[in-house]
1. Condition check: open to solvent by less than 40 Å² (accessible area, probe 1.4 Å), farther than 19 Å from A:Q165 by Cβ and either modelled with pLDDT of 95 or more or not in a loop (DSSP other than H, G, I, E, B) (or both). Does A:V107 satisfy that?
2. Taking the criterion of being β-branched (V, I, T) and either crowded, with 19+ Cβ neighbours inside 10 Å or within 18 Å of the chain's Cα centre (by Cα) (or both), would at least one residue in the range B:216-228 satisfy it?
3. If a residue must be on the phi < 0 side of the Ramachandran plot and open to solvent by less than 50 Å² (accessible area, probe 1.4 Å), how many such residues does the range A:260-273 contain?
4. Residue check, B:L31 against (1) open to solvent by 60 Å² or more (accessible area, probe 1.4 Å); (2) more than 17 Å from B:A109 (Cβ to Cβ), all met but one. Which one?
5. Can you name the residue in the range A:89-104 that is open to solvent by 10 Å² or more (accessible area, probe 1.4 Å) and outside any helix (DSSP H, G or I) and is also nearest to the other protein chains (Cβ to nearest Cβ) among such residues?
6. Identify all residues within the range A:211-222 that are without any contact (Cβ under 8 Å) to a residue 60 or more places away in the chain and assigned to a strand (DSSP E or B); write none if there are none.
7. Which residue, of A:E194, A:E183, A:E145, is within 23 Å of A:V75 (Cα to Cα) and either touching a Cys at 6+ places or on another chain (Cβ under 6 Å) or without any contact (Cβ under 8 Å) to a residue 40 or more places away in the chain (or both)?
8. Where in the range A:128-210 are the strands (runs of 3 or more DSSP E), entirely inside, with at least 3 residues that are touching a strand residue (DSSP E or B) at 6+ places or on another chain (Cβ under 7 Å) and surrounded by fewer than 24 Cβ atoms within 10 Å (Cβ to Cβ)?
Amino acid sequence: MYAVETNDLTKRYSKKAYALKNLDFTIDENEVMVLLGPNGSGKTTLLLILATVLKPTSGHAEVMGLDVSAHPTHVRRLLGISFQEARGFWRHKPADILRFHANVCGVPKEKRDTLIDNLLKDLELWDARNKLFMHLSGGQAKRLEVAKVFVHRPKFAIFDEPTSQVDLRGKRKIWAQILRLREEGSTILVATNEVREAEFLADRVTVLDEGKKVVCDSVRHLKDSITGGDVVELEIDTPDVQTIEQVLSRIEGTVKISNSGENRFKAHVSMAESWVPKMTDVCYRNKANIVSIRVTEPSLDDVFLHFTGRALREDTG
Amino acid sequence: MSEIRVVLALARNDFSYFFRTKWLMAILLSLNLSDMLVVAFVYNGIMKIDYLIIFIPGIIIMGLFAASLDTGRRIWLALREGVIQYELSLPVQTHGVVVAYLLAGGAAALVYASSLMVIALIVLPASAIWSAFMLLPFLFILAMGLAGIAATLAAIASTHGEFFFAFQNIVQMALLTLSTVYYPLEEIQKFLPPLLVTVVAANPLSLATEALRQYTFNGAPIELSLLANIFLTSSLFAIVGGFAYLGALRQIRVKGKL
C-alpha cells in the first residue's frame, strides 16, 4: 500500500483554469517525496487537496488508505501541514501557537512544554518567544510555521516551501528536522522550487509543470536520464582553438561544445567517463596540452529544463 | 483528541483572542461606561421617565451586542490572514469550526456583558439579583445568534475590510434602532408605524433588554414565554449565521478562497 496515492486527480478553479490535470501520483511509506516545479505548476493545490483543505474537482486521492473526500476528518488526524505563508494567530506568542497546535493534534500534555522549548531553541526562535506573531519577521514566522509540524510529528507531514524566507543556517536546521521526522517513520511531502532543497531532502522527485506530472524518479536517475547531462570544463593549451573545437565536437558522445573564452571549452556530453579518455587521445594527436579538466553533473534545474523545455526559475522572479 | 475537544480548544482560543485585543476592550468599555455613568444620568434629569432603569439594562445589551459582533472582526481577520486554511486543516469537521466561533463569540460577549452588569448593579441596585443569573443562559444564546450574524457579515465581506465594517455598522444601526434598547416600547409606538413596532417588539435585543429591566431591576416575576421568545429569535439568528458561515467555509474548500 502506498502512503499517498492519487488517480486521475483534477482541480479546476474555473472552467478554463486547471491547477491539476489528471494527476497520477504515489508516495511510498516513510519516503521523502519532493514536488519540484515553478510557481503555478500545481504544487500547492496538490498539497492542499491531500491536506483536505481543498476539494478535488474530480479524481481520487488517498492518504494512508483513506479517501480524502470521503473521510477528511480521519485524514486530518494523520497529517500535519506547514503552509507556504505562515498562518498564525496574530496576537499569540510563538509558544502559545505551538501549544495550541500540540493540544489540538493530541500531543500528550506532559511532553508538550519540553518539545516546544526544544524546538524554539533549535529553530532559533527562543529569543523571539515573547514577541507576538504579528511582530515576527518573515523568516521567524516561517520557522514557526514548520515548527507546528515538528511539534505534532504526524504520520504524514506536508511542507510547502518550508525554507522560503529562511537564511541558510535556518534552512539546514529545518532540513535536519525533516530528515529526523522521516527517521521516526513519517512519510514526507515537500513542495519547493529550490533545487538545493530538493537534492538534499528527496528520496524521489516529482516534476510538476502546468498541473501535470512530467517525470518522477530518484535524483540520481533523473540526472542520469539526461543525454548530455554531464558537463566537462576544459582548459587546453593550443595555438589553433578553432581546430580543437571542431575535433572535440566530432568525438562520440559530444552533445554540445562551446568555447568559453580563450583556451577554455565547455562540453556537454552523454557520459563523462567514456568521453574524457577519447578527448585526451584526440588532444595528444593534435599536439594540444590539457591544462585542466573539471567534470560536473547536471542540476535539477537542468533536469527540469530537459523535461519541460523551460527553466525552473524563469517565472519565479 | 476527540472532535468535541478540538472544537472547545478552537473556541477557547478565539475567546482568549477577544480579550487580547486590549485597545478594543478599552474603547468598548469606555463607551459603555460613559453611556451608563454620564449619558444615562444626564438624560434622567431631562426626561420625565426613569431613564436609568430604561437605559442601563439597554447598555448591558449593547455591550453584549458589540462584543458579539467582534466575532465577525476576528473571522474576517482569519479569512484575510489565511488562518482559516490552517483551521480547516485541523482534525475537526467544517461545522465544528463554525460551532467553535459561535461558542467563543457567545462566551466572550457574555463575560463582557456580565462585567457591565456588575458595574450596573452598583449604579442601579437589582431588585432580584438571582434573576440575572437565570437570564445568563438566554443572553448566551442571544450572543451566539449575534455572533452568527457577525460571521455572516465577515463571510460576505470576504477579504474587503471596508465592506465588513460598513455591513457591521448597517446591521448595528438597524438592530439597535429597531429595538427597545434606548426607549421603552410605549414611546416607540408613538413614532413608528405598527409593522415596525412589531419588528421592534420581536427583536431579540428588545426581548433581552425587557427581561433585564423587568426581572432584574424591577423585580417582576419571570415569564417563561419571554425567555422562550429570546431563545427562539436568538436561535434563529445563530442558525442562519452558522449556516452562512458554513457555506463560506465550504466555498473556501472548493474555490480556495471566497
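1. Details: open to solvent by less than 40 Å² (accessible area, probe 1.4 Å): yes; farther than 19 Å from A:Q165 by Cβ: yes; either modelled with pLDDT of 95 or more or not in a loop (DSSP other than H, G, I, E, B) (or both): no.
No; evaluated as a whole, the condition is false for this residue.
2. Taking the range B:216-228 and keeping what is β-branched (V, I, T), we get B:216, B:222.
Among the residues that remain, those that are also either crowded, with 19+ Cβ neighbours inside 10 Å or within 18 Å of the chain's Cα centre (by Cα) (or both) are: B:216.
The answer is yes; a qualifying residue exists.
3. Kept after step one, since they are on the phi < 0 side of the Ramachandran plot, are these residues of the range A:260-273: A:260, A:263-273.
Among the residues that remain, those that are also open to solvent by less than 50 Å² (accessible area, probe 1.4 Å) are: A:263, A:265, A:267, A:269, A:272.
Selection size over the range A:260-273: 5.
4. Unmet condition: (2).
5. Residue satisfying both the conditions and the ranking: A:R91.
6. Keep residues of the range A:211-222 that are without any contact (Cβ under 8 Å) to a residue 60 or more places away in the chain, which gives A:217-218, A:220-221.
Selection gives A:D217 alone.
7. Values: A:E194 fails: within 23 Å of A:V75 (Cα to Cα); A:E145 fails: either touching a Cys at 6+ places or on another chain (Cβ under 6 Å) or without any contact (Cβ under 8 Å) to a residue 40 or more places away in the chain (or both).
Step by step, each of A:E194, A:E183, A:E145 is checked, and only A:E183 is within 23 Å of A:V75 (Cα to Cα) and either touching a Cys at 6+ places or on another chain (Cβ under 6 Å) or without any contact (Cβ under 8 Å) to a residue 40 or more places away in the chain (or both).
8. Numbers: elements: A:156-160, A:187-192, A:204-209.
In the range A:128-210, there are no strands (runs of 3 or more DSSP E) which contain 3 or more residues that are touching a strand residue (DSSP E or B) at 6+ places or on another chain (Cβ under 7 Å) and surrounded by fewer than 24 Cβ atoms within 10 Å (Cβ to Cβ).
The values are calculated or read from the model by the stated rules, or taken from the named source; none is laboratory data. Since the model is a prediction, treat every value here as computed from it, not as a measurement. Note: ideal-geometry Cβ built from the backbone for every residue, glycine included; neighbour counts use all protein chains shown. Ligands, DNA and RNA are stripped out before the accessible areas are found, and what is left, the full protein with its side chains, is counted by its heavy atoms. Shrake-Rupley method; radii C 1.70, N 1.55, O 1.52, S 1.80 Å.
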